[in-house]
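**Student:** Here it is: the structure, laid out below.
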Amino acid sequence: MGRVRVIVARQGKVVRSGVACILSVSENLDIIGDEGAGLLDEAVRVQPDMVVYQLFSEDEDYSKIISKLKEMCSWVKLVIFSPCQLNRNDLRYIFSICNGYIQGPILSGFFLQALELACYTGRFLFLGLAEDIKIEEKKEVRHVLVNSIDIIQ
């Protein structure tokens, strides 16, 4: 299998530190692109297989640049990595345009596996430590479970 050519970007610029260093240890990923170059120009020039776009903060305006990237380089698999939890509207937008979303904190080994899954499957979602996901359950089911636990004890 050939190596997947990856550009790592943050705030619209190509970076070769941080997440790029984590990815560089993978046997299957080749980090490409010149440090500090504009993402759009560099993506057209080197034609990567994947772009990992690292959000700097939850307030960052990233939608224009990733929309333009998908328009100019439709073949690119785009994975967003966010160190923090995003709001629902941002997540909906990301799910509509990107091939993957990874939310930190995440261990480096799992991060590599998540990217490999995005390569093989075309879609991947990892919500990390999402705190506002609420599981809804019916009271009847919960009551039965509580009674079952009492019987076992």
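**Student:** On the given criteria, is residue 66 part of a helix (DSSP H, G or I) and under 19 Å from residue 44 (Cβ atoms)?
**Tutor:** When the stated conditions are applied, residue 66 passes them.
**Student:** Scan segment 18-54 residue by residue and report those that are assigned to a loop (DSSP other than H, G, I, E, B), hydrophobic (A, V, I, L, M, F, W, C) and at pLDDT 90 or above.
**Tutor:** Listed by number, the residues that qualify are 32, 37.
**Student:** Taking the residues in segment 6-46 that are closer than 19 Å to residue 71 by Cα, touching a residue at least 40 places away in the same chain (Cβ under 8 Å) and surrounded by fewer than 22 Cβ atoms within 10 Å (Cβ to Cβ) as candidates, determine which candidate is nearest to the chain's Cα centre (by Cα).
**Tutor:** 10
**Student:** Kindly indicate which of 128, 104, 122 is at pLDDT below 85 and touching a Ser or Thr at 6+ places or on another chain (Cβ under 8 Å).
**Tutor:** Every option except 104 fails the conditions.
**Student:** Got a number for residues in segment 56-109 being surrounded by 12 or more Cβ atoms within 10 Å (Cβ to Cβ) and without any contact (Cβ under 8 Å) to a residue 12 or more places away in the chain?
**Tutor:** Total satisfying the criteria: 1.
**Student:** Name every residue in segment 68-93 that is within 18 Å of residue 4 (Cα to Cα) and among the hydroxyl-bearing types (Ser, Thr, Tyr), in order of residue number.
**Tutor:** Scanning segment 68-93 gives a single hit, 74.
**Student:** Would you say residue 61 is within 16 Å of residue 76 (Cβ to Cβ), out of contact with any strand residue (DSSP E or B) (no Cβ under 7 Å at 6 or more places or on another chain) and of a type in the set (Asp, Glu)?
**Tutor:** No, not satisfied.
**Student:** Just checking, how many residues over segment 89-123 are farther than 15 Å from residue 76 by Cα and among the basic types (Lys, Arg)?
**Tutor:** 1
**Student:** Then there's this: Looking only at segment 4-14, decide whether some residue is farther than 20 Å from residue 119 by Cβ and either out of contact with any strand residue (DSSP E or B) (no Cβ under 7 Å at 6 or more places or on another chain) or assigned to a loop (DSSP other than H, G, I, E, B) (or both).
**Tutor:** yes
The values are calculated or read from the model by the stated rules, or taken from the named source; none is laboratory data. All of these numbers come straight from a predicted model, not from anything done at the bench. Backbone-built Cβ (ideal geometry, glycine too); neighbour counts: all protein chains shown.
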